[in-house]
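Engineer: I'd like to ask some things about the structure below.
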Amino acid sequence: MRKAIFDFSIRFLLFERAHDAVDRGYPDHRSRPRVPLILSLCIAIICSPVLICAGIYNSKHNLSVSGPGPATAVSETEVCIFCHTPHNAFPDSPLWNHELSAAQNYTNYYSESLKAYPPGGAPPIDGFSKLCLSCHDGAIALGATIGSRRGNIAMRSVPGIVQSGHLARDAAGYIGTDLSGGHPVSFVFDAHLASLRNAEPDLMHLNWPIIDPDVKLYETAGGFGVQCTSCHDPHGGKGGPDSPPFWRKTTFEDVCLVCHDIFSQIEG
């Protein structure tokens, strides 16, 4: 893959040099800046997998035998294989390699101030949140892979953390099927939702549109909205020591205030 990108970069530079000979007669021509731009993009594409690997390698999501956390494999040395595979993935994106949880009885978050869905009307957990829960709801073994190396990767048993290959109920990362104590996920966040919420004078308003380099909206329920990965970066994150795990920004508030408008004029 990287060799192909490198070869493409060389061919593109030769193409640009040939066109520069034509462009020199036209001082107002804007084509030349494309060279540094394309080079920058190619370098980013080549280097990004390395950076991602470095982030995951030093995190608790490194479940291989070299992982720094308490949940590690007995002998598996590959780091990415627990979540990703180049072949026979499901779903196709992001080349997912872990068996998905069959749990359907999730207890979703609800409060009277919630405008994303009515009482008892929470949409099903989907998208990236479903992928996260394939380990974190405890129903599926941590090493249950489905791709080209189908089967269970043996995990070390650690009292209170890993039991029979599954994440134990007392483990820090265990969420289970009761999601009522956390921020809602798998709901559409759009201009309509923001207008509903912002019409309430006694509620903190929502920002719209959401444009941020770290906190993003992901596919859900036919649109785009909040998923686990909106706030948590499974490959590392930027969070400080007092932030939640794999937090996408340095502080707790930095993530929350991307969507929530702290300057709302709340009445009452």
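Engineer: Would you say Leu63 is within 16 Å of the chain's Cα centre (by Cα), within 15 Å of His235 (Cβ to Cβ) and either among the small types (Gly, Ala, Ser) or not assigned by TED's automatic domain parsing to the domain that holds Gly240 (or both)?
Structural biologist: Judged against the criteria, Leu63 is not a match.
Engineer: Step by step: first the residues of the range 198-212, then only those that are of a type in the set (D, E, K, R) and out of contact with any Ser or Thr (no Cβ under 8 Å at 6 or more places or on another chain), then the one that is modelled with the highest pLDDT. Which residue is that?
Structural biologist: Asp212
Engineer: Is it true that some residue in the range 127-134 is buried (at least 20 other Cβ atoms within 10 Å of the Cβ), farther than 26 Å from Cys259 by Cβ and either in contact with a Pro (Cβ under 6 Å, 6 or more places away or on another chain) or not assigned by TED's automatic domain parsing to the domain that holds Gly236 (or both)?
Structural biologist: Looking for residues that are buried (at least 20 other Cβ atoms within 10 Å of the Cβ), farther than 26 Å from Cys259 by Cβ and either in contact with a Pro (Cβ under 6 Å, 6 or more places away or on another chain) or not assigned by TED's automatic domain parsing to the domain that holds Gly236 (or both), one finds none in the range 127-134, hence no.
Engineer: Sticking with this structure for a sec: Can you pull out every residue in the range 208-224 that is within 16 Å of Lys130 (Cβ to Cβ) and touching a residue at least 40 places away in the same chain (Cβ under 8 Å)?
Structural biologist: Tyr218, Glu219, Thr220, Ala221 - these are the residues of the range 208-224 that are within 16 Å of Lys130 (Cβ to Cβ) and touching a residue at least 40 places away in the same chain (Cβ under 8 Å).
Engineer: Check the range 212-223 and report whether any residue there is buried (at least 16 other Cβ atoms within 10 Å of the Cβ) and of a type in the set (Val, Ile, Thr).
Structural biologist: yes
Engineer: How many of the residues in the range 146-161 are part of a loop (DSSP other than H, G, I, E, B) and surrounded by 13 or more Cβ atoms within 10 Å (Cβ to Cβ)?
Structural biologist: Residues flagged as part of a loop (DSSP other than H, G, I, E, B) and surrounded by 13 or more Cβ atoms within 10 Å (Cβ to Cβ) within the range 146-161 amount to 7.
Engineer: To continue, here is another question. Condition first: hydrophobic (A, V, I, L, M, F, W, C) and either within 17 Å of the chain's Cα centre (by Cα) or crowded, with 17+ Cβ neighbours inside 10 Å (or both). Can you find one or more residues in the range 96-105 that meet it?
Structural biologist: Within the range 96-105, one or more residues are hydrophobic (A, V, I, L, M, F, W, C) and either within 17 Å of the chain's Cα centre (by Cα) or crowded, with 17+ Cβ neighbours inside 10 Å (or both).
Engineer: Take the residues in the range 64-88 that are in contact with a Leu (Cβ under 7 Å, 6 or more places away or on another chain) and in a loop (DSSP other than H, G, I, E, B); name whichever of them is farthest from Gln163 (Cα to Cα).
Structural biologist: Pro86
The values are calculated or read from the model by the stated rules, or taken from the named source; none is laboratory data. On a predicted model such as this, the values are computed, not experimentally measured, just so you know. In this analysis, Cβ positions are derived from the backbone assuming ideal geometry, glycine residues included, and neighbour counts consider all displayed protein chains.
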